[in-house]
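First up is the structure itself, then whatever we jot down about it.
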Amino acid sequence: MRAQIEKELNKKQADVDAMERELHAARAVIAAFKELLRKMPGEGAASSAATGWGKNELRPGSDATKARQAILQAGRPLHIKEIISAVGKANTKTNRLSMASSLANYARKGLHFKKTGPNVFWVMGVEQTKAPTLAQDSLPKVS
């Protein structure tokens, strides 16, 4: 009786081991398909073709897009304080740091923006229409 139970136990353990190997192989196939899909251009409603923006494009309506429009409208590099007020945000330290960090990140990658001075940004690939000037708020206060 004991030998028969051990035999059944070993058989079931072998079945479980085989299923685990099959599950592991299936998960590897799923991971490969996901990686393949990630590298392919999308075709569905959520794809860049459908939404009009891709991996290296600014998302419509984002703060970075609004900043780009404000800079282009001004025709010159803008200080972060000018950008913040142009996009309609409160001029708080958090908003300035957030926007400056976002734009500087794009600038470091060579995408969309370039820094022309401390906290001063311009749009990549566009000629300035006005001479660059410093924002009055960005100048140090002298007593």
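Of note:
- Within the set Ala74, Ala90, the sole residue that is of a type in the set (Gly, Ala, Ser) and surrounded by 15 or more Cβ atoms within 10 Å (Cβ to Cβ) turns out to be Ala74.
- Evaluated against (1) more than 17 Å from the chain's Cα centre (by Cα); (2) part of a loop (DSSP other than H, G, I, E, B); (3) at pLDDT below 90, Lys55 falls short on exactly one condition, (1).
The values are calculated or read from the model by the stated rules, or taken from the named source; none is laboratory data. Model, not experiment: these values are computed from the prediction. With ideal geometry, Cβ positions are generated from the backbone for all residues, glycine too; neighbour counts draw on all protein chains shown.
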